[in-house]
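Here the structure is laid out as structure tokens; the discussion comes afterwards.
The values are calculated or read from the model by the stated rules, or taken from the named source; none is laboratory data. These numbers were taken from a predicted model, which means no experiment stands behind them. Cβ sites come from the backbone with ideal geometry, for glycine too, and all protein chains shown count toward neighbours.
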């Protein structure tokens, strides 16, 4: 069974540039999560979806970040105008349901904003 | 919201020794408790999870203890070996929600 796939693995930007991250969850998983992991910190939830619906985006900086999952499968996280403070690893995870079920994480996209 | 504190931030042990990592949490509604391992350049790998009705779980050299009264969760690696060297995270959430809250991690180094 294929795991959670993310691309790109690395991204380097200047401040003000835009970037998109792509996630392909495990087949059949209805719940998809985006986490931000700053260096030397634990992951912090940005947004999560059940199918194509956003369940919680309260921690997503809505002025510059957006996330979509139009068909309830793959998802894209976009940063419109990156800041140095966005430097982090962006992790995607998926699960079957959102209760007790295990989250499976991708390897992440490491973003550096110069 | 939920606050999770994890300690120690760095832990160095000799091969064959035990390594203990502790997390404390604040939300009494927390119902799901887990430990993840993150190796360099890799994603998070689930090691073990327990629900709030479990006080102790052992699996393949790992022991998770849950003290709900003190809101404390611990991971004990018995007989650590160099391959256990990685960053370990606790993660907790209330029942029936996907909102996992992570600790800030423990960098474990196991020396031969």
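Looking only at the stretch A:62-111, which residues are in contact with a helix residue (DSSP H, G or I) (Cβ under 9 Å, 6 or more places away or on another chain) and farther than 11 Å from residue A:36 by Cα?
Keep residues of the stretch A:62-111 that are in contact with a helix residue (DSSP H, G or I) (Cβ under 9 Å, 6 or more places away or on another chain), which gives A:64-65, A:79, A:111.
Selection gives A:64, A:65, A:79.
Yes/no per residue for (1) buried (at least 20 other Cβ atoms within 10 Å of the Cβ); (2) in a strand (DSSP E or B); (3) within 14 Å of chain B (Cβ to nearest Cβ); (4) under 14 Å from the mean Cα position of the chain (by Cα):
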| residue | (1), (2), (3), (4) |
| --- | --- |
| A:73 | no, no, no, yes |
| A:81 | no, no, no, no |
| A:85 | no, no, no, no |
| A:93 | yes, yes, yes, yes |
| A:101 | no, no, yes, no |
| A:110 | no, yes, yes, yes |
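Name the single residue, out of those in the stretch B:22-39 being more than 11 Å from every other protein chain (Cβ to nearest Cβ) and exposed (fewer than 15 other Cβ atoms within 10 Å of the Cβ), that is modelled with the highest pLDDT.
B:26
Cβ-Cβ under 8 Å, sequence separation 6+ or interchain: first residue in the stretch B:1-12 and away from chain A (no Cβ under 13 Å), partner surrounded by fewer than 13 Cβ atoms within 10 Å (Cβ to Cβ) and modelled with pLDDT of 95 or more. Which pairs?
Hits for this filter: B:12/B:111.
Only one residue in A:47, A:19, A:68 is on the phi < 0 side of the Ramachandran plot and more than 11 Å from the chain's Cα centre (by Cα), so which one is that? Full working, then the answer.
On the way: A:47 fails: more than 11 Å from the chain's Cα centre (by Cα); A:68 fails: more than 11 Å from the chain's Cα centre (by Cα).
Only one candidate passes the filter, namely A:19.
Does residue B:65 fit the bill of being in contact (Cβ under 8 Å) with a residue 24 or more places away in the chain and touching a strand residue (DSSP E or B) at 6+ places or on another chain (Cβ under 7 Å)?
Numbers: in contact (Cβ under 8 Å) with a residue 24 or more places away in the chain: no; touching a strand residue (DSSP E or B) at 6+ places or on another chain (Cβ under 7 Å): yes.
No; evaluated as a whole, the condition is false for this residue.
For the stretch A:55-71, which positions are more than 24 Å from residue B:104 (Cα to Cα), within 14 Å of another protein chain (Cβ to nearest Cβ) and at pLDDT below 95?
Across the stretch A:55-71, the qualifying residue is only A:55.
When you scan the stretch A:16-68, how many residues do you find that are surrounded by 14 or more Cβ atoms within 10 Å (Cβ to Cβ), touching a residue at least 40 places away in the same chain (Cβ under 8 Å) and outside any strand (DSSP E or B)?
7
Which of the residues belonging to the stretch B:1-21 are over 16 Å from residue B:109 (Cα atoms) and at pLDDT 95 or above? Walk me through it before giving the result.
Just the residues of the stretch B:1-21 that are over 16 Å from residue B:109 (Cα atoms), to begin with: B:1-6.
Matches in the stretch B:1-21: B:4, B:5, B:6.
Scanning the stretch B:94-108 for residues that are crowded, with 21+ Cβ neighbours inside 10 Å and within 9 Å of another protein chain (Cβ to nearest Cβ), which turns out farthest from residue B:47 (Cα to Cα)? Can you show your working first?
The first filter runs over the stretch B:94-108 and keeps only residues crowded, with 21+ Cβ neighbours inside 10 Å, leaving B:98, B:100-103, B:105-106, B:108.
Still in the list and also within 9 Å of another protein chain (Cβ to nearest Cβ): B:98, B:100-103, B:105.
Values: B:98: 18, B:100: 15, B:101: 16, B:102: 14, B:103: 15, B:105: 14 Å.
Top of the filtered list is B:98.
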